[in-house]
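Here the structure is laid out as structure tokens; the discussion comes afterwards.
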Amino acid sequence: MNTFSASAYPMREQNFAVGPIALTKRDCDKGLAAFERSFLTALRAARSWDLVNGRLVIKGGAGEVQFERAL
């Protein structure tokens, strides 16, 4: 599994921009690598966010990604 870091820039009306993304390039399972690429592509294309039932929802043209607090 790779690690990544990115900067998110807040904009008006709950919009934001993400980038650039730094990613390690470890060799891993092809399915996991495809998931990572899909996730990072969705994150890079996201344009807005919201909080819904305690979850961070990041929205883009292809759908949304939801994050739940782990701590």
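Quick notes
- Residue-averaged 222 nm ellipticity for the chain, from DSSP H runs of 4+ at -39500 (n - 2.57), nearest 500: -7500 deg cm²/dmol
- Taking the C-alpha atoms only, the angle from helix 30-45 to the longest principal axis of the chain is near 30 degrees.
- Theoretical FRET efficiency, 1/(1+(r/R0)^6), r = Cβ-Cβ of CYS28 and ASP50, R0 25 Å, to 0.05: 0.20
- To put it simply, the accessible area of the chain at a 1.4 Å probe is 56 percent carbon and sulfur.
- Computing Cα Rg over 2.2 N^0.38 Å directly from the structure and comparing it against [x] 1.46; [y] 1.18; [z] 1.35 singles out [y].
- A Gaussian network model of the chain, with springs between Cα atoms under 10 Å, assigns the largest mean-square fluctuation among ALA17, ALA33, ALA45 to ALA33.
- Accessible area (Å², per residue) of the chain, counting only protein heavy atoms and a probe of 1.4 Å: 80
The values are calculated or read from the model by the stated rules, or taken from the named source; none is laboratory data. All of these numbers come straight from a predicted model, not from anything done at the bench. Cβ sites come from the backbone with ideal geometry, for glycine too, and all protein chains shown count toward neighbours. Ligands, DNA and RNA are excluded from the accessible area calculation, which covers all protein heavy atoms including side chains. Shrake-Rupley method; radii C 1.70, N 1.55, O 1.52, S 1.80 Å.
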